[in-house]
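All remarks here apply to the structure that follows.
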C-alpha cells in the first residue's frame, strides 16, 4: 500500500492572486455624450496591444449624483478625468446594476 504526502496544517498556503488587475484610474469623470454632459464615477484600465501597436483602454461608468446615464451604442462619446484631456470612446453595454462599459483606442483619459 502506498501513501501520498499531504500538506500539513502548519505548512503555509499558497497566496491567492486577484484575477482582475486593479484599475489604473478610479474616481470622478465627465462623460460628454450626444445631447448630455453627465458627472460620473469610473474605474478604468488599459493595455498596449502588440498586434496593432495601439493603447486600448476600457472600464465601467456609474452614476455620480442623480443624472441618468445615456443609452449605449449612440456613437462616440468623450470621457474627461480631472486634469486630463477628453478621450474619445464608445459606450458598449449596460450591466445588471445599470453601469455602462466604455472602450477606447488611443490616448486614455487617465495619465499613464
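All of the numbers you see were taken from the coordinates with simple rules; none came from a lab. Being a predicted model, the structure only gives us computed values, none of them experimental. Positions of Cβ are generated from backbone atoms using ideal geometry, with glycine treated the same way; all protein chains shown enter the neighbour counts.
Worth a mention:
- Here region 56-78 is scanned for amide nitrogen atoms under 20 Å from the site 7 Å beyond the Cα of residue 93 along Cα-to-Cβ, giving 56-63, 69-77.
- Each Cα pair under 8 Å and six or more residues apart adds its separation to the average, and for region 25-105 the resulting relative contact order is 28 percent.
- Length-normalised contact order of region 61-110 in % [C-alpha pairs under 8 Å, at least 6 apart]: 35
- Global geometry of region 25-105, whether rounded, prolate or oblate, following the gyration tensor of its Cα atoms and the 1.5 cut on a/c: prolate
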